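As structure tokens, the structure follows; a few thoughts come after it.
Nothing in this text is a laboratory measurement; each read-out follows from the coordinates by a stated rule. In this text the structure is predicted, and so the values were computed from the model without any measurement. As a convention, Cβ positions derive from the backbone with ideal geometry for all residues, glycine included, and neighbour counts pool all protein chains shown.
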């Protein structure tokens with residue numbers, strides 16, 4: 001692919017003030033002088049006409065030398081620094097608030113795992129008898145109790161698996177969000193590059209029109225062209241100046257959006273490469289992409305499995321819970337007799353069972369988890385369909401960009417050939433003025449279209465990289 005070079009001229013932009021307004025009075029005066037000349041002088045002789053034609057030929061020879069210089073010159077005034085896109089991506093991953101929020105959400109999910117597998121808190125109680133209870137070995141003064149309830153076997157394991165799978169699903173979504181952020185930074189960066197290219201091409205076209213306007217005015221003063229040609233150039237230039245201002249405003253907005261993604265100063269200037277280094281990849285898209293292992297699909301698989309363990313835990317909750325405990329009774333000695341174990345404190349192991357008589361709550365919980373499985377299954381199908389659509393859209397963008405790239409390469413070659421032919425024949429024919437002008441404009445229009453096609457291809461390849469990269473993150 002042919003490398004395209006661009007220039008950024010730092011010459012004073014005199015075209016910001018309308019040339020049509022600036023030359024209005026002068027044009028009227030010249031028009032009146034021309035009218036008087038035609039009515040008060042005789043027609044020039046053949047010898048005078050030949051000299052005039054020779055002078056015009058020399059003038060326009062210099063004009064086209066200037067045009068070719070502007071068209072083919074390299075960057076001689078300003079060069080922007082080639083910024084590595086990967087640095088922007090790394091910065092965005094480290095600072096983007098949305099991605100940070102996803103990471104915090106994942107950390108919250110991890111903290112729920114030990115909560116899910118934890119036993120209920122043990123129960124401790126203490127009591128003092130206001131009126132001591134007499135026993136054979138002494139009066140009972142106080143009683144201490146401690147007990148621990150245990151759910152049915154396997155219940156805690158099922159809840160732990162449920163929480164763990166939910167956390168894993170959030171982690172997969174975090175990985176997908178990170179890949180999406182990389183794609184978003186790439187797309188935003190390519191948009192900035194395209195706008196910069198449009199600005200440069202438009203500036204070049206305006207600069208050439210400015211030169212052509214000056215030469216047209218000289219021709220008009222020499223009675224070699226009509227004022228219509230001058231006005232035509234001025235109209236083209238005014239239209240391009242308006243487009244140039246529009247592109248600059250658009251770039252400011254795109255730059256703000258780019259800095260917002262990176263979570264930095266919104267007014268920070270973003271440099272873009274001036275050469276073909278923005279071509280990120282030359283890979284051929286993989287048409288056989290299968291999304292069974294894509295993070296967006298796998299996360300829903302994890303949620304389905306999590307709901308299955310939730311259903312299992314709900315069913316185990318319908319079974320009895322049992323508890324183990326210990327009672328410790330504090331006794332005082334008897335003074336009225338001497339017996340064995342007099343005043344000996346009493347220890348009593350305890351066993352308790354919780355019988356779930358009211359089952360409606362547990363049945364509703366089981367039903368909820370069953371419905372969740374169906375919901376997640378439908379969302380998984382929807383995600384697969386969305387991924388297929390995104391793949392098709394990426395293919396369409398890639399094919400469109402590749403087709404346009406080939407088309408404008410051919411058109412650009414023919415336009416340059418036509419321009420050379422018209423330029424060489426323009427010296428001996430002053431009637432092909434608009435043809436040369438239009439061909440010069442077409443060359444830069446085709447170059448701009450060529451860059452637009454390259455950006456389309458690069459955006460599609462970035463989309464394919466996102467779609468394919470997620471396949472390997474969980475392998």
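So here's what we get for this one:
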| item | result |
| --- | --- |
| Length released on extending from residue 263 to residue 468, taking residue separation times 0.36 nm less the Cα-Cα span | 71.1 nm |
| Compactness index (Cα Rg / 2.2 N^0.38 Å), region 221-349 | 3.05 |
| Region 107-255 - percent relative contact order, Cα under 8 Å, separation 6 or more | 21 percent |
| Proxy reagent accessibility, fewest Cβ within 10 Å first, across 418, 277, 299 | 277, 418, 299 |
| Sequence of 178, 136 once ranked by neighbouring C-beta atoms within 10 Å, starting from the fewest | 136, 178 |
| Calculated diffusion of region 89-170, Stokes-Einstein form, Kirkwood radius summed over Cα pairs, 10 °C and 1.306 mPa s, µm²/s | 91 µm²/s |
| Equivalent ellipsoid semi-axes, region 335-390, via Cα gyration tensor eigenvalues times 5, rooted, Å | 66, 15, 6 |
| Projected area, mean over directions - region 329-470, Cα convex hull, nm² | 22.2 nm² |
| Neighbour-count ranking [beta-carbon atoms within 10 angstrom, fewest first] of 455, 130 | 130, 455 |
| Alpha carbon centroid spacing (whole Å) that separates region 247-280 from region 362-391 | 39 Å |
| Ratio of the Cα radius of gyration of region 303-351 to 2.2 N^0.38 Å, where N counts its residues | 2.44 |
| Per principal axis, descending, Cα span of region 178-288 in whole Å | 67, 37, 20 |
| Debye log10 I(q)/I(0) at q = 0.13, 0.22, 0.25, 0.28 Å⁻¹ for region 162-217, Cα point scatterers | -0.58, -0.84, -0.91, -0.97 |
